[in-house]
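Report on the following structure.
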Amino acid sequence: MPPQDYDRLTALDNSFLLLEGPSAYMHVASTAIFDAGPLRSSSGGIRAEEIRRLTEASLHRIPRYRQKLAWIPFQQRAVWRDDDDFNLDYHFRHTSLPKPGTDEQLKRLSARIMQQHLDRDRPLWEMWVVEGLERDRFALISKVHHCMIDGVSGVDLMNILMSIDPQQEIPTPPVFEPRPPPGSLQLLRDEWTRRFSLPAEIFRDAQSFFREAEDTRQELSVRARALFETLGGTLRQVSQTPFNRPIGPHRRFDWLAFELADVKEVRRALGGSLNDIVLAIVAGAVRQFLERRRVDPSEILFRIMAPVSVRSDQESGTLGNRVSAWIAELPIGEPDPRERLAIIRERTLELKASKQAVAAEMLTRVADWSSSTLLALGARTATRMLPFNMVVTNVPGPQVPLYSLGARMLEVFPHVPLADNLGLGVALMSYDGKLFWGFNADYEMVPDLKDFALRIQ
């Protein structure tokens with residue numbers, strides 16, 4: 001098999017393609033707001049062409065941005081192949097709000113851009129330059145399919161496309177020479193070769209495990225217990241809420257920002273981790289939100305899924321998904337905020353002790369050994385029997401200012417996609433001393449998204 005011709009998607013990456021449907025896109029996104037500064041044109045607009053040239057000059061550092069999908073015949077599994085007809089104009093867009101554009105108009109534009117599926121016949125990303133924003137600002141709206149990146153690799157990508165140096169220059173891009181595309185017969189032959197080699201691969205993984213484990217019996221016991229607790233803890237179905245119904249194709253997007261120092265001050269005063277504070281805030285907002293919808297939170301079993309990065313230092317800068325997950329019950333029935341935090345602290349400590357993230361990573365590893373038909377069936381079943389009510393993802397970002405050709409990034413609001421029966425998602429990113437919240441919701445199911453965002457404050 002000539003490995004230089006293409007790259008195979010992992011089962012986890014491939015699952016985000018299988019989860020996508022007419023009403024459920026699976027791209028992650030963000031809306032970043034910049035001070036126009038050095039990029040202001042003489043006419044008062046933005047010199048978007050310079051941002052385009054910078055993006056083009058950076059593509060050799062992110063080769064996935066010039067690769068598209070090719071499907072293995074008779075399989076629901078994909079590979080990455082170089083796009084020998086790559087055209088940046090299909091991915092880089094320039095638009096404007098009616099001046100003076102407000103944040104509310106930018107939120108609506110962000111939602112409309114994000115609710116549009118990416119073209120699977122091309123590399124799975126887009127970047128929009130949006131000028132016309134009031135107070136001498138502009139925005140960059142980016143969307144990248146989840147099969148390409150997770151939250152941490154998204155931050156790595158941000159560091160590639162921007163700089164800590166305001167005096168950033170545009171280098172000359174190297175010539176792109178696409179690798180020859182793999183033929184259908186080659187893909188099919190390689191897939192069957194891979195399947196026949198799976199027993200040997202599983203044996204090598206087992207050998208590596210026994211070689212690296214200091215106490216094999218204890219490690220096996222820990223992993224078995226983690227797997228049992230992970231599967232057993234999700235057998236009890238979560239309660240239905242007003243935002244756990246089949247989703248439609250349209251979205252609302254809202255956001256807000258906290259001073260990171262204020263959140264850390266709460267952590268010092270009350271204890272727990274920064275993530276514990278975040279989950280306690282979300283639990284309180286969900287409680288108030290349900291009460292406003294005349295739903296008794298004390299009768300609701302409410303769980304969130306929180307992605308956990310398992311990316312090693314050696315994998316920094318690589319694309320693809322290297323995540324596991326926690327599934328945690330939030331005490332939304334508890335009226336006392338301090339007691340809610342205490343319960344969450346106790347539960348997250350239990351999750352760390354149980355190594356639930358290890359168990360979830362084990363399951364994704366097993367998925368790589370499974371057939372594409374089984375994975376497709378699992379993906380379809382997962383959307384109907386989700387063991388959680390909401391995704392809450394919290395990604396640490398750089399704590400220094402970033403610049404795009406001298407224009408300082410002021411704010412960045414992340415966006416997590418919705419799966420069917422998940423009508424509301426929460427994403428956070430810390431950057432330059434602030435904690436930025438992004439709220440994505442089904443347009444019809446959560447018309448009062450702004451009310452939910454206000455209850456976070």
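The values are calculated or read from the model by the stated rules, or taken from the named source; none is laboratory data. Since we're looking at a predicted model, the values are computed, not measured. Neighbour counts run over all protein chains shown; Cβ positions are idealised from the backbone, glycine included. The area values use the complete protein model at the heavy-atom level, side chains included, leaving out ligands, DNA and RNA. Shrake-Rupley method; radii C 1.70, N 1.55, O 1.52, S 1.80 Å.
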Taking the simple approach of a point 7 Å from Cα along Cα-to-Cβ for both Q167 and T10, what is their distance in nm? 4.0 nm
Given H placed 1.01 Å from N in the peptide plane, which residues other than close sequence neighbours of D83 have an amide H under 5 Å from its amide H? Q67, K68
Work out from phi, with θ = phi - 60° and the Karplus expression 6.51 cos²θ - 1.76 cosθ + 1.60, the ³J(HN,Hα) of each residue of region 268-280, listed in order in whole Hz, and give x for Gly and Pro. 5, 6, 10, x, x, 8, 4, 5, 4, 4, 4, 5, 5
Leaving out ligands and nucleic acids, note down the accessible area per residue over region 1-153 with a 1.4 angstrom probe, in whole Å². 39 Å²
State the percentage of accessible surface on region 414-457 attributable to carbon and sulfur atoms; use a 1.4 Å probe and exclude ligands, DNA and RNA. 50 percent
Would you grab the residues whose amide H sits under 5 Å from the one on G101? Only those 5+ places off in sequence or on another chain, please, with H modelled 1.01 Å from N. L133, E134
Residue-ordered couplings for region 252-266, obtained by feeding phi - 60° into the Karplus form 6.51 cos²θ - 1.76 cosθ + 1.60 and rounding to whole Hz (Gly and Pro as x), are 10, 9, 9, 7, 7, 9, 10, 6, 4, 4, 5, 5, 5, 5, 4
Please list, by residue number, every one of the trypsin sites (Lys or Arg not before Pro) in region 263-311 that is coil in DSSP and has at most 14 other beta-carbon atoms within 10 Å. R293, R294
Surpassing 31 Å at the alpha-carbon level, of the pairs K264/K450; K143/K450; K68/K352; K68/K450; K68/K434, are K68/K352; K68/K450; K68/K434
Counting other Cβ atoms within 10 Å of each Cβ, which trypsin sites (Lys or Arg not before Pro) in region 132-191 have at most 12 and sit in a DSSP loop? R135
Label-point gap, in nm, between E339 and Q399 - each point 7 angstrom along Cα→Cβ: 3.4 nm
Is the shape of region 1-125 rounded, prolate or oblate, going by the alpha carbon gyration tensor and its root eigenvalues a ≥ b ≥ c, with a/c under 1.5 for rounded and a/b larger than b/c for prolate? oblate
Taking placed amide H atoms and a strict 5 Å upper bound, the residues 5 or more places from V391 or on another chain that come that close are M305, V426
For region 258-302, one quarter of the surface area of the C-alpha convex hull, expressed in nm², comes to 3.8 nm²
From largest accessible area down, sort H94, H27; use a 1.4 Å probe on the protein chains. H94, H27
Anchor K99: lysines whose Cα lies under 21 Å away (excluding residues fewer than 8 positions away in-chain): K107
Net charge within 11 Å of L402 by Cβ-Cβ distance, Lys/Arg positive one each and Asp/Glu negative one each, not counting L402 itself? -1
In order through region 114-121: 3J(HN,Hα) via Karplus (6.51 cos²θ - 1.76 cosθ + 1.60), integer Hz, x for Gly, Pro: 5, 7, 8, 5, 6, 6, 6, 8
Which percent of the accessible area of region 1-119 is formed by carbon and sulfur heavy atoms (probe 1.4 angstrom)? 49 percent
